[in-house]
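Take a look at the structure set out below.
Since every read-out is calculated from the coordinates, none of them should be taken as a lab result. Remember, predicted model here, so these are calculated numbers, not experimental data. Positions of Cβ are backbone-derived with ideal geometry, glycine not excepted, and every protein chain shown enters the neighbour counts.
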Amino acid sequence: MLTFQNVSIRQQDTLILENISFTIQPGELAAIHCGVISREIIFGLISQEIKTYTGNIDHASTLSLFSIRDGLYDRLTIEEYLRFTKRLYDSADSVDSVMQQLQLTTYRKQRLHRLNRSLVRRTQYAALLLQDRDLYVFEEPDQDVDQETRHLLRDTLQTLTSRQKAVLVLTSNIESALFMTSTVYRIDHRHLRLLDVEPEEADETDISSEVIHVRFEKIPTKVNEKIILLDPPEIDFIESQDGQSILHSQSDQFPSVFTMNELETRLTPYGFFRCHRSYLVNLQRVREVITYTKNSFSLVLDDPEKTTIPLSKTKMAELKTMMGLK
């Protein structure tokens, strides 16, 4: 099990993470989608490399960590390395069986320094299966690997959860997180949020003629075969690209099935403003209004990139009226 309870951390007087709380039980797999800095901090907190924080962190007595910086014994072959790991951890698993599961049997006699990135990662996944820990934490486990290896990783994670292991994946790629699991957290402006994720299923039931009208306060978007439901405050701005509405949230982009006009209608009650025919902006994210010339204006967002969004002349007048300015 892994538990974070109201964990906060500062770096040079800057609050990086604030009141982070989550629990992963044995047999559960969860992913946290976050930026590189947050990912490294969470990994460091779990590995106890980072010791200065507030709140409580509790995890199982035996822990296995997968880091993108991990190396291997380059002079060994795949088989030699896995047999060494089996002896080191006194594993009851068969090396032949693990190699077969990760499709490494063909390469068993190859030395590790001659392997490509995908085969190195498969070897590392195989070694983890031989360790028999209670908690597994993965840092960007599918970075720069081929599609087949990504599927083998997912199978490995499912094997671990079937053995009642608690598993956490830290990744800066939202598609990777959703590919691995439907339990996806996201660090958004220092806080942790659980994403609303619904797997897409074929509708085999009859559609009732009765229509029930409800007020739906989330914006659906599709990534791979899963539907993500975004809270309006999570969205920084929306832009139209070649007729497609794109939602921007932190550094991620999500396609929307709605038109800009439909999104404007749905989001105006939540403080969104149509600042340009191709842009909708969350006014809570705006830090500055810049005047370049008499007829040229821009909005600057309160994000690390200081994103700039165009503001049309007519919309500038409307915005000033909204804010009570003359």
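Please compute P(r) over all alpha-carbon pairs of segment 1-41, binned at 10 Å starting from zero, and give each bin as a whole-number percent.
So the P(r) values, bin by bin, are 24, 52, 21, 3.
Could you check how many percent of all C-alpha pairs in segment 2-195 are farther apart than 20 Å? The partial results should precede the final answer.
Details: 10327 of 18721 pairs.
Of the Cα pairs, 55 percent sit more than 20 Å apart.
Quick query: amide H of residue 10 versus all other amide H atoms, modeled in the peptide plane; which residues come in under 5 Å with a sequence gap of 5 or more or a different chain?
It is 16, by chain and number.
Number of Lys-Lys pairs in the chain under 30 Å by Cα, sequence gap 8 or more or different chains?
Final tally of qualifying lysine pairs is 20.
Just for segment 2-195, what percent of DSSP beta bridges are antiparallel, to the closest 5?
50
How far is the Cα center of segment 144-163 from the Cα center of segment 224-251, in Å?
28
In whole Hz, with x marking every Gly and Pro, tabulate ³J(HN,Hα) for segment 238-245 from phi via Karplus 6.51 cos²θ - 1.76 cosθ + 1.60, θ = phi - 60°.
10, 10, 9, 10, 6, x, 9, 7
What is the packing order of peptides 143-149, 269-275, taking the mean over residues of other C-beta atoms within 10 Å and listing the highest first?
For the peptides 143-149, 269-275, the packing ranking is 269-275, 143-149.
Let me know the whole percent of all Cα-Cα pairs from the chain that are separated by more than 24 Å. Let's see the in-between values first.
Details: 33257 of 52975 pairs.
Across the chain, Cα pairs with separations above 24 Å total 63 percent.
Output the peptides 85-96, 186-197 sorted from most to least packed, where packing is the average of other Cβ atoms within 10 Å over each peptide's residues.
So the order, starting with the most tightly packed, is 186-197, 85-96.
In units of 2.2 N^0.38 Å, what is the alpha-carbon radius of gyration of segment 99-170?
Details: Rg = 12.0 Å, N = 72, 2.2 N^0.38 = 11.2 Å.
Its radius of gyration relative to the 2.2 N^0.38 Å reference: 1.07.
Please give me, ordered by residue number, the GluC sites (Glu not before Pro) of segment 235-305 that lie in loop per DSSP and have at most 16 other Cβ atoms within 10 Å. Before the final figure, lay out the partial values.
Numbers: sites: 239, 262, 264, 288, 305; in loops: 305.
Within segment 235-305, the qualifying GluC sites (Glu not before Pro) (loop, at most 16 other Cβ atoms within 10 Å) are 305.
Quick one: the Cα spread of segment 219-323 along its three principal axes, in angstroms, biggest first?
Largest first, segment 219-323 extends 47, 28, 26 Å along its Cα principal axes.
Name the long-range amide H neighbours of residue 227: under 5 Å, sequence gap of 5 or more, or other chain; modelled H, no Pro or chain starts.
198, 200
I'd like the Karplus ³J(HN,Hα) series for segment 270-276: coefficients 6.51, -1.76, 1.60, θ = phi - 60°, whole numbers in Hz, and an x wherever there's a Gly or Pro.
Values, residue by residue: 9, x, 8, 10, 7, 7, 7 Hz.
Per-residue HN-Hα couplings for segment 117-131, Karplus 6.51 cos²θ - 1.76 cosθ + 1.60 at θ = phi - 60°, whole Hz, x for Gly and Pro?
Each residue of segment 117-131 in turn: 4, 5, 5, 4, 5, 4, 4, 5, 4, 4, 4, 5, 5, 8, 8 Hz.
Give me the percent relative contact order of segment 6-121, please, defined on Cα pairs under 8 angstrom at least 6 residues apart.
Relative contact order, segment 6-121: 21 percent.
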